[in-house]
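Following: one structure in structure tokens, then a few remarks.
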Amino acid sequence: MEFSSKLLENAVNEVSRLPGIGKRTALRLVLHLLKQPKEHTKYLAEALSTLRNDVKLCKKCHNISDTILCDICSNPNRNQEIVCVVEDIRDVMAIENTGQFRGLYHVLGGKISPIEGIGPQNLKIESLIEKVKNGEVKELIFALSSTMEGDTTNFYIYKQIESYNIKTSTIARGISVGDELEYADEITLGRSIVNRIPFSQSLKG
């Protein structure tokens, strides 16, 4: 792709680093920004810069937050004894949109994937196990995507807490095997949370 401007080329190259964005899409986005008032581009740049510099991870659930404790963990109306284990913030948002869950979350920050070099030590698993050991949690709901990596992660955590007196369940498989949680429709996902099954039962399948 030939560019008439080095500034344009640099901007396109940076935008194309984003996942799912190729050079042609990046060019279209950059040209769109050039057509907008300068203030719009300034606001976008400031929002991204502020996000990168000021965003925090909730100290309790590791969700992305503006404060030390996220709004969910600091809400006294949430059930503190039920924790839904998810991969990242997109899954939190997907489940919250269903309006069917009133417990807390624990964001792992990924899934175990030996092929990608991601092991248990690279995820927020240890802090989850500590919550169980300390008796803070009465039920864990495994809500990772129904992929091989998701199932492997669920099983690893389950084996770590198996000896503790805690209920473990997994979302009902209204979600197709191999599907990512964030792409499930709200009704299906909501029913999967409500109709969750014991995790040990899911191992028999």
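In whole angstrom, note down how far apart the Cα centers of segment 71-93 and segment 14-63 are.
That distance is 26 Å.
When only Cα pairs under 8 Å and 6 or more residues apart are kept, what is the percent relative contact order across segment 3-81?
Details: 48 pairs, mean separation 10.1, N = 79.
Relative contact order here is 13 percent.
Over segment 13-164, calculate the relative contact order: mean separation of alpha carbon pairs under 8 Å at least 6 apart, over the residue count, as a percent.
The value is 17 percent.
Just the Kirkwood number for segment 70-140, please: inverse of mean 1/r across all distinct Cα pairs, in Å, one decimal.
On the way: mean 1/r = 0.0766 Å⁻¹.
For segment 70-140, the Kirkwood estimate is 13.1 Å.
When 73, 61 are ordered from fewest to most other Cβ atoms inside 10 Å of their Cβ, what list results? Working shown, then result.
Working: 73 18, 61 24.
Neighbour counts put them in this order, fewest first: 73, 61.
Please list 3J(HN,Hα) in residue order for segment 20-34, calculated via the Karplus relation 6.51 cos²θ - 1.76 cosθ + 1.60 where θ = phi - 60°; whole Hz, with x for glycine and proline.
For segment 20-34, the Karplus-derived couplings read x, 10, x, 5, 5, 5, 4, 4, 4, 5, 5, 5, 5, 5, 5 Hz, x marking Gly and Pro.
Straight distance only, please: which lysines reach the Cα of residue 38 with their own Cα at less than 22 Å, same-chain residues fewer than 8 apart left out?
Partners within reach: 6.
Could you list which residues have their amide H under 5 Å from that of residue 170, counting only those 5 or more apart in sequence or on another chain, with H placed in the peptide plane?
Residues meeting the criterion, in which the H sits 1.01 Å from N, are 142, 197, 199.
Every number here is computed from the coordinates shown, using simple stated rules; none is lab data. No experiment lies behind these values; they were computed from the predicted model shown. So basically every Cβ, Gly included, is an ideal-geometry build from the backbone, and we count neighbours across all protein chains shown.
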